[in-house]
Amino acid sequence: MEELFEQLDFIENPQYEQIISDLMDQQYSIVETFFTEEEVHALRNSLLDNYKEDSFKKAAIGNKVNENIIKSIRGDHIMWLDQNQATPAETMFFDKVNNLISYLNRTCFLGILQKEFHYAVYPTGTFYKRHLDTFQNDDRRKLSIVCYLNNENWLPENGGELVLYLNENGEETEKVIYPFPGRMVIFESQIIEHEVKPVNTRRLSITGWLKTR
Ligand code: OGA
Ligand code: MN
């Protein structure tokens, strides 16, 4: 029996394998079905419940930065998630992310030891200018993960595209990604500069980072 469990441990997961090969080939991966529609729905409701209760704060960039400067760089409101105080939807979220982390650690020796996630709401008219997700004095962020929690009827005209700036054979190219509900984007935090285009409708997501020590 024990032997069987050990073997089960190493069963290949095609979805995870796709993520890994995407990351190796192009430093990013787009996954459409990491969460079911019901799970996305539950996460969206969890986010909105907290937003109603006003648990969100304006996002900061570093410390001690003037608020107007911040607003000219990013306009989203965020709420950090605490795995120990998670709603059922958030527990499901962390279970799936933890599963992915152990797979990555086991198959790619990535050494992910920490994670941090927040909800993000971009009110109409806000954006996040081009940036890298690593801080100058802290390069522990390895992989950035964004999962969009927008309504089922989200349209490209709503804006809020994520644009990844890629380097293909020495030339900069742009990969435009619409924030359709349930879509998950994973990319290398230390390599890929990106931005969020201005939104015409409130845009919802859960965003986070897998980190080394
Ligand atoms: C971020 C970020 C991208 C997105 O929060 O750092 O770049 O599509 N988010 O929301
Ligand atoms: Mn970012």
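How far apart, in nm, are the 7 Å Cα→Cβ label points at Gln83 and Glu39? Spacing of the two 7 Å Cα→Cβ label points: 1.6 nm. With springs connecting C-alpha atoms under 10 Å apart, model the chain as a Gaussian network and identify which of Phe56, Phe109, Phe117 has the largest mean-square fluctuation. Taking springs between Cα atoms under 10 Å, the residue moving most is Phe109.
Among 110-116, 160-166, sorting by the average number of other beta carbon atoms lying within 10 angstrom of each residue, highest first, gives 160-166, 110-116. Amide H contacts of Asn13 (H built 1.01 Å from N, in plane; Pro and chain starts excluded): no residue 5 or more places away or on another chain comes under 5 Å.
Which number do you get for Rg(Cα) / (2.2 N^0.38 Å) in the chain? Present the calculation step by step, with values, prior to reporting the outcome.
On the way: Rg = 17.4 Å, N = 213, 2.2 N^0.38 = 16.9 Å.
My calculation over the Cα atoms of the chain gives 1.03.
Only Cα sites of segment 78-141 enter the Debye sum here, all with the same form factor; the resulting log10 I(q)/I(0) across q = 0.19 1/Å is -0.99, listed in q order.
Label-to-label distance for Glu17 and Phe109 is 2.1 nm, based on points extended 7 Å past Cα in the beta-carbon direction. Residues whose amide H lies under 5 Å from that of Leu110, counting only those 5 or more places away or on a different chain, are Asn105; hydrogens are built 1.01 Å from N in the peptide plane.
Figure the gain on full extension for Asn153 and His131 (residue separation times 0.36 nm, minus the Cα-Cα span) and round it to one decimal in nm.
5.1 nm
Length available on full extension from Tyr51 to Ser102: 0.36 nm per residue minus the Cα-Cα distance, which gives 15.3 nm.
Using every pair of separate Cα atoms, the Kirkwood estimate puts the hydrodynamic radius of segment 64-177 at 17.1 angstrom.
Once the convex hull of the alpha carbons of segment 133-213 is built, what does its volume come to per residue, in cubic angstrom?
Once divided by residue count, the hull of segment 133-213 is 104 Å³.
All of the numbers you see were taken from the coordinates with simple rules; none came from a lab. Bear in mind that the values here come from a model prediction, so they are computed numbers and not experimental data. Using ideal geometry, Cβ is built from the backbone for each residue, glycine included, and neighbour counts are taken over all protein chains shown.
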